[in-house]
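The structure under discussion appears below in the form of structure tokens.
The values are calculated or read from the model by the stated rules, or taken from the named source; none is laboratory data. All values reported here derive from a predicted model rather than from experimental measurement. Glycine also receives a Cβ, built like all others from the backbone with ideal geometry; neighbour counts cover every protein chain displayed. Surface areas here come from the heavy atoms of the whole protein model, side chains and all, with no ligands, DNA or RNA. Shrake-Rupley method; radii C 1.70, N 1.55, O 1.52, S 1.80 Å.
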Amino acid sequence: MNRLIRKMVPEYFLNLYRLKKKKRQELRRNKDQRKGRVFNKQYFIRKFRKIGIKPGDTLLVHSSLSKIGFVENGAKDIVEALLEVVGDKGNVLMPNSPNAGLQLDYIRSLDFFDVANAPSKLGAVSEYFRKLPDAVRSEHPTEPVSCIGPDTEFLVGHHFGNETPYNKNSPFYRITELNGKILYLGVSLDNAGTSLHVLEDLIENFKFPVYYPESFDIKVRFENRTLRSMQTFVHNPDQSKKRKCNGLIPLFEERGVLKHVMVGKAKSLLVDAKGMLDVMLEEYKKKGVTMYTPKGS
């Protein structure tokens, strides 16, 4: 749905629209199943290798299962294929925030963030991945990320206690230090743009008020059931409405850090994480390029 329309339409009607859209997608998947158009684990292994995912890669994955088509074993096939393709020396990460709406609304209603049990609101694939025995979830209450791989501690073990979730201690930054990739599987930058926020945390006195001025004291329940408190800022909802993340796609494509790929029926993106951040830092300093001003200002 057009971003401008989303700003104008009340949330109740947006939820009705999303429900109808979800039902249409389910009908299409059922039709695909009846006609034998089914994607399975072996298909995803071949496809992920073909688009450029390699053994040893560190890969952050955003996903929409419903966009792919009918998948034989659902999220399980996709996750197992990803883990097999990167292999024992690679890392797979998936964001799994327990919040799908405005951070400010979420944090104001939060008693505590339960690391072990708070479900992901970012789709079936991220929730399946989160619940795997080997997956370790970071302990930041607004933007937790789970990881499986040999570098798990480095990637997600330092997220707790940071006042913002995208800084140099975050998984979103640390994948750039391992020359990682980001797979937008059936989603775009507009609805999965967390890595773009790294720029805002790296730049001192960033030119837009991206964070709400009040800091929140939040309790986090760890895997061992202990409770600890931390301070965090959340996004300023007024500034969040001004995002134009997809407007950055032509720049990233031109600079060779993003490519368009198809996985199943899903239009997808594969991005060089460090390359994307380097381009954003360079273009911010030269032209004022951000997700709010993709052509500069």
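Taking 273, 135, 100 as the candidate residues, the one with maximal mean-square fluctuation in a Gaussian network model of the chain, Cα springs under 10 Å, is 100.
Measuring r between the beta carbons of residue 281 and residue 188 and using R0 = 25 Å, the FRET efficiency lands at 0.70. Summing +1 for each Lys or Arg and -1 for each Asp or Glu among the other residues whose beta-carbon sits under 11 angstrom from that of residue 52 gives +4.
Rounded to the nearest 500, what is the chain's calculated 222 nm mean residue ellipticity when only DSSP H runs of at least 4 contribute -39500 (n - 2.57) each, over all residues?
Details: 13 runs with 113 residues, N = 297.
So the helix-based figure for the chain works out to -10500 deg cm²/dmol.
What per residue convex hull volume, in Å³, comes out for the stretch 207-275 when only alpha-carbon positions are used?
So the per-residue Cα hull volume is 192 Å³.
Need one word for the stretch 162-264: rounded, prolate or oblate. Basis is the Cα gyration tensor (sqrt eigenvalues a ≥ b ≥ c); a/c below 1.5 gives rounded, then a/b vs b/c decides. Display every interim value, and only then the final one.
On the way: a/c = 2.05, a/b = 1.49, b/c = 1.38.
Prolate is the answer for the stretch 162-264, as a/c is 1.5 or above and a/b outweighs b/c.
Net charge dipole, the stretch 171-293: roughly 340 debye, given to the nearest 20, about the Cα centre with Cβ charges of +1 for Lys and Arg and -1 for Asp and Glu. Of 167, 224, 73, the residue with the greatest mean-square motion in the GNM of the chain, using alpha carbon springs below 10 Å, is 224. Excluding residue 178 itself, what net charge comes from residues whose Cβ is under 15 Å from its Cβ, given Lys and Arg +1 and Asp and Glu -1? Result for the neighbourhood of residue 178: 0.
Taking the chain as a Gaussian network of alpha-carbon nodes connected by springs under 10 Å, the highest mean-square fluctuation of the residues 38, 257, 198 belongs to 38. In a simple Cβ point-charge model (Lys, Arg +1; Asp, Glu -1; nothing else charged), the chain has a dipole of about 1840 debye relative to its Cα centre.
Computed from Cα atoms alone, the Kirkwood hydrodynamic radius reported for the stretch 39-97 is 11.7 Å. Under the shape rule built on the C-alpha gyration tensor, where the axes satisfy a ≥ b ≥ c, the stretch 237-297 is oblate, since a/c reaches at least 1.5 while a/b does not exceed b/c. Taking a sphere under 11 Å around the Cβ of residue 234 and counting the other residues whose Cβ falls inside, with K and R at +1 and D and E at -1, yields a net charge of -3.
Taking the solvent-accessible surface of protein heavy atoms with a 1.4 Å probe, what is the per residue accessible area of the stretch 148-284 in Å²? Don't skip to the end; give the middle numbers.
Numbers: 6020 Å² over 137 residues.
Value for the stretch 148-284: 44 Å² per residue.
Max-minus-min Cα coordinates of the stretch 187-232 on each principal axis give 37, 29, 16 Å, with the largest extent listed first. From the square roots a ≥ b ≥ c of the eigenvalues of the alpha-carbon gyration tensor of the stretch 110-153, which class results: rounded (a/c under 1.5), prolate (a/b over b/c), or oblate? Note, shape of the stretch 110-153 comes out oblate. Counting only DSSP beta bridges with both residues in the chain, the antiparallel share comes to about 65 percent.
Along the Cα-to-Cβ line of residue 40, 7 Å from the Cα, sits a label point; which residues in the stretch 240-266 have backbone N less than 19 Å from it? From the stretch 240-266, the list is 264-265.
How do 47, 207, 286 rank by accessible surface area computed with a 1.4 Å probe, from largest to smallest?
Details: 47 40, 207 80, 286 130 Å².
The ordering from most to least exposed comes out as 286, 207, 47.
Distance between the modelled labels on residue 153 and residue 224, one decimal in nanometres: 1.4 nm (7 Å Cα→Cβ projection).
Extension gain, residue 177 to residue 242, is 20.5 nm, computed as 0.36 nm per intervening residue step minus the present C-alpha separation. Roughly speaking, what % of Cα-Cα pairs in the stretch 31-150 are separated by over 20 Å, rounded to a whole number? Beyond 20 Å sits 46 percent of the P(r) for the stretch 31-150. The share of accessible area on the chain that comes from carbon and sulfur is 50 percent, using a 1.4 angstrom probe.
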